[in-house]
Structures are given as structure tokens and as C-alpha cells.
């Protein structure tokens, strides 16, 4: 099973969109799935159902930071710039494929209250979120294939 399929499966099993992407990549991040789920839990529904940046995008960018980000605040701006270029590229690819990176635009202005929508067959029939998490995971997988992790960690 690839990361996109895994992310869709996790979403369909009840995880939010951000959790589904981050947990799907636990095999590469080295984080325990439970920790990954907790870390990303605030980003579902476009950040706590505020319908801002799509949780699938937030999850994809969290994983990109874990795999390719910088940790030393003293690192030269070149490292920060290179990482922000990556972030903008990944988000741009998502926007190109989906039309937006904003949850409310993707879902056509759904409610933004804090009450989770019940996960029913009707919910899954009308929500494109499983496709969103698959798309985010595929974009990240394509990047990882072109930029091996060992080179990123040592380069």
C-alpha cells in the first residue's frame, strides 16, 4: 500500500485530513502513529474546523518539515529559503491539481463551528477529503522519489 492509499484508509477510518497524511508517513518520519496523530490533530478541517489551509496540505507540509526541514535556528538564511521554496512548491502543486489550498474553497463553504461532522456514508459520499489526502501524499511521494532522504539528511 502506498502513502496515498494509506492516507485515504486512515481518513476513512476516522482520522482527520491532517492526521491521515502525517500518520501515513510514520514509516519515513520514524514517529509513532499515535504521536503523529496527536501532533497533527489541531490541523483537521482547515485548522480546527476554521476552514483555513486544508488539513491535507498542512499534514503534507508537516511531513516535509520532518523529512527535509532545518532545526538549527542559527542556520543560514539559505537553508530557510530553500525550505520555504519547497513548501511553496508542494502547496503550489496541490493548488494546481485541486484548485485551492483553502478548506472552505475546496468544500464550498461548509460550517466552521467546532462540532465535528458525523462520519456517515452520506458524509463520505459528498466529501472530497479522501481524495485530498491521497493527492497530498502523492505529491510528497513524488518529491521524496526525486530527492532521496539520505541526501537530504546529510547534504
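Compute a Gaussian network model of the chain, connecting alpha carbons closer than 10 Å, and tell me which residue from 20, 145, 37 fluctuates the most.
Looking only at 20, 145, 37, the biggest GNM fluctuation is shown by 145.
How tilted is helix 55-68 with respect to the longest principal axis of the chain? Cα atoms for both, answer in degrees (0 to 90, nearest 10).
20 degrees
Choose one answer from 83, 138, 126: the residue with the largest mean-square fluctuation in a GNM of the chain with alpha-carbon springs under 10 Å.
126
Against the longest alpha carbon principal axis of the chain, how many degrees, from 0 to 90 and to the nearest 10, is the axis of helix 77-98 turned?
Result, in degrees: 30.
Based on the Cβ-Cβ distance from residue 100 to residue 72, what FRET efficiency comes out when R0 is 41 Å, to the nearest 0.05? Intermediate results must be reported in sequence, preceding the final value.
Values: r = 34 Å, r/R0 = 0.82.
So, using R0 = 41 Å, E works out to roughly 0.75.
Residues of the stretch 34-48 with amide nitrogen under 11 Å from the 7 Å Cα-to-Cβ point of residue 13?
Taking a point 7 Å out along Cα→Cβ of residue 13, the residues of the stretch 34-48 whose backbone N falls under 11 Å are 34.
Which angle from 0 to 90°, rounded to the nearest 10, does the C-alpha axis of helix 129-146 make with the longest principal axis of the chain?
10 degrees
Could you let me know the centre-to-centre spacing of the stretch 68-126 and the stretch 16-62, using Cα atoms, in angstrom?
Taking the Cα centre of each part, the stretch 68-126 and the stretch 16-62 sit 10 Å apart.
Quick check on the exposure proxy: order 58, 26, 13 from fewest to most C-beta atoms within 10 angstrom.
The most exposed by this proxy come first: 13, 26, 58.
At 20 °C and a viscosity of 1.002 mPa s, what translational diffusion coefficient does Stokes-Einstein give for the chain, taking Rh as the Kirkwood radius over Cα pairs? Give it in µm²/s as a whole number.
Stokes-Einstein gives a translational diffusion coefficient of 137 µm²/s.
With each run of n ≥ 4 DSSP H residues scored as -39500 (n - 2.57), what mean residue ellipticity at 222 nm is computed for the chain after dividing by its residue count and rounding to the nearest 500 deg cm²/dmol?
-19500 deg cm²/dmol
Using Cα springs under 10 Å in a Gaussian network model of the chain, which residue among 73, 128, 118 shows the largest mean-square fluctuation?
Looking only at 73, 128, 118, the largest GNM fluctuation is found for 73.
If each residue's Cβ is checked for other Cβ atoms within 10 Å, how do 129, 17 rank with the fewest at the top?
Starting with the residue having the fewest Cβ neighbours, the order is 129, 17.
Exposure proxy check: 1, 134, 62 ranked by fewest other beta carbons within 10 Å? Don't skip to the end; give the middle numbers.
Numbers: 1 9, 134 23, 62 20.
Going from least to most buried by this count: 1, 62, 134.
Values quoted throughout were computed directly from the atomic coordinates according to the rules given, and no laboratory measurement underlies them. Because the structure is a prediction, the values reported are computed rather than measured. Backbone-built Cβ (ideal geometry, glycine too); neighbour counts: all protein chains shown.
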